[in-house]
Ligand code: PLP
């Protein structure tokens, strides 16, 4: 098996920062107690949890008890949607949910599940640039709308959504607002007061923290029915022994991301701009998906007309370059990306698209090499396709 030498799939996951790993290790080896145990070892773990919660709360500008630790982005999204919906099933009368057609499947499949319980869901379409307009959300609101869920940044095309404006109009109407900030955390501001959100999902492995750990920010007073039952962990809100090393690592990874934010974003964005500009100028019939400016600093998503995206990826892999043809969760399925379809691409165009997402350790030399391989491979695949058609 060949090795990946150039990693350009940071939207799928990131390596754990060695500094993060270092602070996690003692919670596997020395301070391994269960935070629910009353003896010293347990209290040590409890103290680490409390500290991690407080540090995360500082970054979000919220109260520590508004942070609920989870197993990652998928669980946070499920908890947000099902938690609010089932609270209303018990206590309210509203049955209507508004989300968008290009959310991550953790949100979309939760919404579809809720439809089986009688909830009605409106799936608002983003515009062709991949932006959800607040007016489109406002139009979708009904007197019985209980929840709006719009992602902060899209995981495939990287477009950043006008979350503040959407949060503001939801608050005016008294509707709970959730944002999936999994791709935004570590890159965009997370101050929940400024954003005005009620619920916000985060996953550690997208910002150089460990996999399998995340949190849901839950504004005090948000109607929510907790979904996981068992022990009294997380103040009876999410049962299960906490992933102490993971949570400690997540808090530190988030702190590092915001301490180093400007430098990281500037460096990555410069590489991204070079990648986009050179792809568009050097490779004919290539088209950028998603708004040119209103996108994450690390996201490049391009359609190469007449080229099969999966074949292109396999060829990149042979050259040691890791990229993706949409969200990692749908790899292996032949369905064209629902995100690209939602912004109006044809199934054919969607299947001819690749996503390259940069990270803090990519170098200009790696970008140059990727451009050379892309240019050569796209030309070769196109000429093969032409020969076959003759
Ligand atoms: N939401 C978005 C926007 C994502 O990009 C992802 C992961 O790709 C998730 C949710 C799921 O997060 P996790 O992998 O932590 O379950």
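Using a simple spin-label model with pseudo-atoms 7 Å out from Cα toward Cβ, residue 28 and residue 105 lie 2.9 nm apart. With bins 5 Å wide beginning at 0, the percent of Cα pairs of the stretch 63-167 falling in each bin runs 2, 12, 22, 23, 21, 14, 5, 1. Here, the stretch 235-352 is characterised by an Rg to Rh ratio of 1.07, where Rg is the alpha-carbon radius of gyration and Rh the Kirkwood radius.
Once the Cα atoms are used to define both axes, helix 309-318 deviates from the longest principal axis of the chain by about 90 degrees. Stretching the chain fully between residue 63 and residue 334 yields a gain of 93.2 nm (0.36 nm per residue, less the alpha carbon separation). Note on residue 368 and residue 165: the model spin-label points, each 7 Å out from Cα along the C-beta direction, lie 4.1 nm apart.
Overall dimensions of the stretch 163-214, expressed as equivalent-ellipsoid semi-axes from the Cα gyration tensor (√(5λ), whole Å, largest first), are 24, 11, 7. In plain terms, the bigger the Kirkwood radius, the slower the diffusion; for the stretch 61-119, with that radius from Cα pairs, at 37 °C and 0.692 mPa s, Stokes-Einstein puts D at 262 µm²/s. From helices alone, the chain scores -13500 deg cm²/dmol at 222 nm; the rule is -39500 (n - 2.57) for each run of n ≥ 4 DSSP H residues, then divide by the residue total. Relative to the longest principal axis of the Cα atoms of the chain, helix 261-282 runs at roughly 30 degrees.
Using only Cα positions of the stretch 199-293, each an equal point scatterer, no hydration layer, compute I(q)/I(0) via Debye at q = 0.10, 0.16, 0.25 Å⁻¹ and quote the log10 values to two decimals. Log-scaled intensity ratios, in q order: -0.48, -0.85, -1.27. Here the simple spin-label model places points 7 Å from the Cα toward Cβ, and for residue 112 and residue 384 these points are separated by 3.2 nm.
In percent, rounded to a whole number, the relative contact order of the chain is 22, using alpha-carbon pairs under 8 Å and six or more apart.
What translational diffusion coefficient, in µm²/s and rounded to a whole number, does the Stokes-Einstein relation yield for the stretch 1-107 at 37 °C and a viscosity of 0.692 mPa s, taking the hydrodynamic radius as the Kirkwood radius over Cα pairs?
Values: Rh = 17.8 Å.
For the chosen part, D equals 184 µm²/s.
In the stretch 283-368, the alpha-carbon atoms span a convex hull of 115 Å³ per residue.
Between residue 133 and residue 273, full extension at 0.36 nm per residue minus the direct alpha carbon distance yields a gain of 47.9 nm. Each residue of the stretch 337-387 gets 90 Å³ once the volume of the Cα convex hull is shared out per residue. The slack in the chain from residue 172 to residue 239, taken as 0.36 nm per residue of separation less the alpha-carbon distance, amounts to 20.8 nm. Taking a ≥ b ≥ c as the square roots of the Cα gyration tensor eigenvalues, the chain comes out oblate, since a/c reaches at least 1.5 and a/b does not exceed b/c. Taking the stretch 65-91 and a reference point 7 angstrom along Cα→Cβ of residue 225, the backbone N atoms nearer than 14 Å belong to 79-91.
Size check on the stretch 151-258: the Cα extents along the three principal axes, sorted descending, read 38, 30, 23 Å.
If both residues of a DSSP beta bridge must be in the chain, then about 55% of such bridges are antiparallel.
Read-outs throughout are calculated quantities, based only on the coordinates presented, and are distinct from any laboratory measurement. These numbers come from a predicted model, not from an experiment. Backbone-built Cβ (ideal geometry, glycine too); neighbour counts: all protein chains shown.
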